[in-house]
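Taking it in order: structure first as structure tokens, then the write-up.
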Amino acid sequence: MRRSDSPIETFIHLTADPKQRRAALVNVRELKLAQADEFITERSKLLPRVTPWCQEGKFETEEGHYCAEKMDNTPFHGVRSVRQVFEALQFFFRNMEISISEMLGDITVREDDDSTASNSFSNHRLVSSMSHGVKVEKNIVKFFKLVEPGDDRDGNAPYALVATDSVDLDDVYPYVPDERIRMDINAAMKFTEHFCKKPPNRKRKTRTRHSLYGHGGFPYLREPEEDEDDEFERVVVLTRFFRVKLHHTELDIPPHVLQEVRQGLACFSDTMVQSMHRVIFESR
């Protein structure tokens with residue numbers, strides 16, 4: 001048995017007042033991003049920087065919650081910039097209920113109007129109806145930071161950070177334990193840029209013109225140097241840590257059904273990368 005405390009978890013209370021809700025997210029943003037940066041840097045310092053790797057585990061806590069942890073490294077080869085990959089992740093978050101429904105087959109709906117959203121943070125309340133009738137609710141806040149060349153004094157640019165946490169108390173959208181299982185998601189993500197020798201079969205940089213962006217595609221047009229035979233290619237690496245916690249429930253759910261729900265906890269992180277690949281690499 002282990003405790004359910006996450007090293008990147010912060011107590012978040014959102015009141016009913018719109019200005020106070022927004023202020024609460026503004027006030028905690030820098031803390032969450034600093035936590036994410038420090039955690040990823042420390043946990044990955046002895047691991048390969050560019051090659052893929054994954055560490056994961058699942059456990060039940062002393063309180064009866066079920067947790068799945070995953071830390072991985074995902075390289076995106078031949079992309080144009082950190083911004084391109086970072087914005088693909090933001091696109092996933094903006095359309096999270098659609099992506100989850102498409103890829104996992106569950107019906108996921110958004111209950112909030114996301115009135116607090118900005119380029120720096122957002123808040124989504126999602127309810128997923130599983131195939132066996134179980135409903136799972138999530139109230140997630142996300143914080144974003146993109147640092148481009150020339151914007152950073154310490155010389156680490158370009159890079160990007162994303163911190164995700166769960167709302168503990170929401171006066172507008174309270175949890176409904178009599179009908180749903182609560183799921184918390186705590187995550188830290190960092191995008192870094194590297195240059196690696198290009199494989200012989202790599203011909204050109206990726207153009208992001210996925211049909212999800214409409215007829216015009218995402219605004220990454222061909223550059224004059226795109227067809228040059230460069231020896232090296234840009235690789236943007238996404239290093240992530242996730243902890244997904246399924247809260248203990250008093251609902252009358254058959255053990256085999258609850259086990260299926262638990263086994264699917266890590267699918268959220270897989271769906272994210274699949275969605276990003278579609279947006280970045282599936283050109284038309």
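The values are calculated or read from the model by the stated rules, or taken from the named source; none is laboratory data. Treat the numbers as computed from the prediction; the structure is a model and nothing was measured. Because the Cβ atoms are built from the backbone with ideal geometry, glycine has one as well, and the counts that use them run over all protein chains shown.
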(request) For residues that are among the polar types (S, T, N, Q) and part of a loop (DSSP other than H, G, I, E, B), scanning just the range 153-207, find the one that is modelled with the highest pLDDT. (result) N156
(request) Please go through the range 42-62 and pick out each residue that is touching a residue at least 24 places away in the same chain (Cβ under 8 Å) and either of a type in the set (G, A, S) or out of contact with any Ser or Thr (no Cβ under 6 Å at 6 or more places or on another chain) (or both). (result) R43, S44, L47, P48, R49, V50, T51, E56, K58, F59, E60, E62
(request) Hey, can you tell me all the residues within the range 123-152 that are buried (at least 19 other Cβ atoms within 10 Å of the Cβ) and assigned to a loop (DSSP other than H, G, I, E, B)? (result) V134
(request) Within the range 229-237, identify whether any single residue is at pLDDT 85 or above, within 30 Å of E137 (Cα to Cα) and surrounded by 12 or more Cβ atoms within 10 Å (Cβ to Cβ), and answer yes or no. (result) no
(message) Regarding the range 111-121, can at least one residue be identified that is of a type in the set (V, I, T), modelled with pLDDT under 90 and over 18 Å from A36 (Cα atoms)?
(response) yes
(message) Checking S6 against (1) under 27 Å from P174 (Cβ atoms); (2) of a type in the set (S, T, N, Q); (3) surrounded by fewer than 18 Cβ atoms within 10 Å (Cβ to Cβ): exactly one of these is not met. Which one?
(response) (3)
